[in-house]
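Take a look at the structure set out below.
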Protein chains: 2
Amino acid sequence: MPASLEVLTALLLIFAAAKAAGELALRLRQPAVIGELLVGIVLGPSALGLVGRPGVGILAAFHGEQAAAEEGLRLALESIAELGVVLLLFYVGLETRLRDLLAVGWRAALVGTLGVLLPLFGGIALMLALGEPEIESLFIGVALVATSVGITARVLRDLGLLGLPEARIILGAAVLDDILGLLLLTIVSGLGETGHVEVTQVLGIATRALLFTVVVAGVGTWAIPRWFSLVERLRMSEAPLVIALILMLGLAVFAAQLGLAAIIGAFLAGLALADVAEDYDLERQALPLYTLLVPIFFVMTGLRVDLKAFAQPATLGLALLVTAVALVTKAVGAGLGAFGRGWRSMAVVGVGMVPRGEVGLIVATIGLAEGVVEQRLYGVVVAMSILTTLLAPPVLHWLLGPIVRTRTLQSAEVSTMTSRGEGVSHHDTAGED
Amino acid sequence: MPASLEVLTALLLIFAAAKAAGELALRLRQPAVIGELLVGIVLGPSALGLVGRPGVGILAAFHGEQAAAEEGLRLALESIAELGVVLLLFYVGLETRLRDLLAVGWRAALVGTLGVLLPLFGGIALMLALGEPEIESLFIGVALVATSVGITARVLRDLGLLGLPEARIILGAAVLDDILGLLLLTIVSGLGETGHVEVTQVLGIATRALLFTVVVAGVGTWAIPRWFSLVERLRMSEAPLVIALILMLGLAVFAAQLGLAAIIGAFLAGLALADVAEDYDLERQALPLYTLLVPIFFVMTGLRVDLKAFAQPATLGLALLVTAVALVTKAVGAGLGAFGRGWRSMAVVGVGMVPRGEVGLIVATIGLAEGVVEQRLYGVVVAMSILTTLLAPPVLHWLLGPIVRTRTLQSAEVSTMTSRGEGVSHHDTAGED
């Protein structure tokens, strides 16, 4: 069997398992994403070891392939998963209007900033208190900073709540938070390598990241509604979808080149296309791609969990401590940013910002590569990243349960905001049922 | 940059190049697939060497990754390409009705059988005439047997001609031809390994392959219209598409496990779902997946071409000879099967069956692995496979040009067939514009 057919076999297994587990979760009144994450853990090295790192096990054993092929299989599956999360954020961007983001702009800035500062200093303080060296402490602090908004976006979308002001706040804050995280990473990497910070370098990266975001969000949403009709001159079939996908991939790759998360680029691509999405039916056309690829991302996220890695009590203890700090500081910091909107709104924003997903992993990987962070701390960051990702959806689901029925967090506040131009988003939400 | 982002970068490059080249081809009144194949060759090791085997070049050099990562990148891209060709044949299956296939059944059987026998004996005769050993000659003969129907299906679909009786004949013959090719491969592999043929093994494989085809085509098209409405009981969103995709991946993998081409399984899955496709809007939902993934398959096909491999005159000569025999025997054999339908119909069927694509490559790979075929002959089969793939689309396009306007190959014959129940397919075709 050629190697590419093994990937097809693994995809079949992952996709079918994701959908079966998602269906089961829905019947138990849980979000489908919980089922997908859990089935990933079960298929992964912790339990069955059917697919994933390092348990590519069954597939390799089956076909008598060697370690190199396993590595290739893993990369192939992870790439397809990466395409999945890129599509997820692109899709969320298509459903988001820039004006709705700007309407919650200062709120998102406050949530983003507080949600960065508390985890950063909380992480550093914890590590120093435990007697760890300064540079390691700094790295752990930075690894706790950046929210990975994929999980929360998925839960909100599954519940049809992307139109809530809280959803806009979380999305806006996540973009800001990713930029701040990038800057901190640059500073700490500089410290790790040379012992001092290159101010010009940091300023350069800050400028590029901000420029990228502002140009794509601002110029994109201005230019695309004006010029997108040019796609009608193309002879190829499905030209609007093709151009939208090229924009999505292009901005995702470009964001990654700038050091931002690829998903930020994909989200901005969706945002820029949001105003033409309806005319060209982009959401409905992106949906089949979403349906196939997004569950693969979540199963692969579960597959990375190896519970056996925490057999050592000391590592397990540190992992749980760091995770607790990551949870509490982010939830409190981001939640405080939503102060004055009522406890449920604060809780939704706080918990919605908790998942660290792949961003914390990227920081840990860089720390490991530069020799600043050793394997033990790497494992701790991986655990933190996964645990925060796993814990957020059920809590969010529980917090948002009542809203699915009433469609408002604080009826008074929302009706005030509606009169300021939030009506569109509520209309959108209602349309998603 | 993580490895999965390199795959994303390569995908962006491949997808954008495919679409740009396809657009250019369309403007030059050529099928888009020609543009995609050619841009693949340009990006491949022959010219720029941007992506592909062995020229993962630029990407690797760019990011300082090593050979293992290149291998992984290649596998990731080939897997996505494999998913693309699986989707292509699934889509073609959705647009095909079993009754239309059965209506041309004996014709397809004749085309398939003659289209297998002539290349087999032609290949053997050529090699023996050149003084090559018997077992190598047998292998080359078998490598010339099986048509890879993806290219032809794509050209017919691009032209909106999947409803032509000729399209049905080609699709039906390709299924049969794949089964015959599998049986011949088993026989020759047995000869290569043990020097004699295990009759029980051959009968076993024949039974399995036929059973698979008949059960999926027969039972599937009977059962699915009756039971597919069960998907409405699922709580997951997009349940019909999800179940259709699981069926597609499942049958593709199962066909591959049986030794058939994965695309045969995907085609049969589409065929089984064809009767419910309209009710559940499956074609329109599969189209975005087609739009993203199918061009990647054709660019990757082009990427495999390394023109430098034919710098040696002797190898080049043999490759051209084998390719000529592959072309002529298949076109004449399959074309003869369409005897009595007029020269254009015979030519379309003959040329439509010419591309060998990945099936010949699989035979060559097995021959290489078993040590029956050496590197030189492997390269020859690769060249034959690629050249037949590249030559068929422009010839088909030229042959079919007049039909795109008149929508009939032989107005007299078609109108006779319409009265015998071919009306549906013509209706379908008209609906594709």
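What follows is calculated from the coordinates using simple rules that are stated; it is not laboratory data. None of these values were measured; they are calculated from a predicted model. Glycine also receives a Cβ, built like all others from the backbone with ideal geometry; neighbour counts cover every protein chain displayed.
Quick look at the numbers
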item: Charge sum, other residues only, whose C-beta stays under 13 Å from A:L114's C-beta, Lys/Arg counted +1 and Asp/Glu -1; result: +1
item: Which of A:F121, A:F298 has the fewest Cβ neighbours within 10 Å, and the rest in rising order; result: A:F121, A:F298
item: Charge tally in the Cβ shell below 13 Å around A:L128, where Lys, Arg are +1 and Asp, Glu are -1, A:L128 excluded; result: -3
item: B:L87, A:L327 arranged by Cβ crowding within 10 Å, fewest neighbours leading; result: A:L327, B:L87
item: Net length gained if the chain between B:Q375 and B:R226 were fully extended (0.36 nm per residue, minus Cα distance); result: 48.5 nm
item: Rg(Cα)/(2.2 N^0.38 Å) for segment B:86-431, N = residue count; result: 0.99
item: Other-copy label distances relative to A:R226, 7 angstrom Cα-Cβ extension, nm; result: 6.2
item: Peptide-level mean, for B:255-261, of C-beta atoms on other protein chains within 10 Å; result: 2
item: Charge dipole magnitude, Cβ of K and R +1, D and E -1 - segment B:86-431, Cα centre, debye nearest 20; result: 620
item: Sorted by Cβ neighbour density within 10 Å, fewest at the top, the residues B:K308, A:K330, B:K19; result: B:K308, B:K19, A:K330
item: Amide hydrogen neighbours beyond the local backbone of A:L260, cut-off 5 Å, H modeled; result: none
item: Shortest-first distances to equivalent copies, position B:V215, nm, label 7 Å out along Cβ; result: 5.8
item: Shielding of B:237-246 by partner chains, average beta-carbon count, 10 Å; result: 5
item: Listed peptides A:20-32, A:204-216 by packing density, highest first (mean Cβ within 10 Å); result: A:20-32, A:204-216
item: Table column - 3J(HN,Hα) (Hz), segment B:243-249, Karplus curve with 6.51, -1.76, 1.60, x for Gly and Pro; result: 5, 4, 5, 5, 4, 4, 5
item: Efficiency of FRET from Cβ geometry, B:R29 and B:L336, R₀ 35 Å, rounded to 0.05; result: 0.70
item: Note, ³J(HN,Hα) from phi for segment A:177-188, Karplus 6.51, -1.76, 1.60, rounded to Hz, x at Gly and Pro; result: 4, 5, 5, 4, x, 4, 5, 4, 4, 4, 4, 5
item: Contact order normalised by residue count of segment A:105-152, Cα under 8 Å, 6+ apart, percent; result: 38
item: 5 angstrom amide H check on A:L144, placed H, neighbours 5+ away; result: none
item: Reach of A:K330 by Cα under 28 Å, taken over lysines that are not fewer than 8 positions away in the same chain; result: A:K308
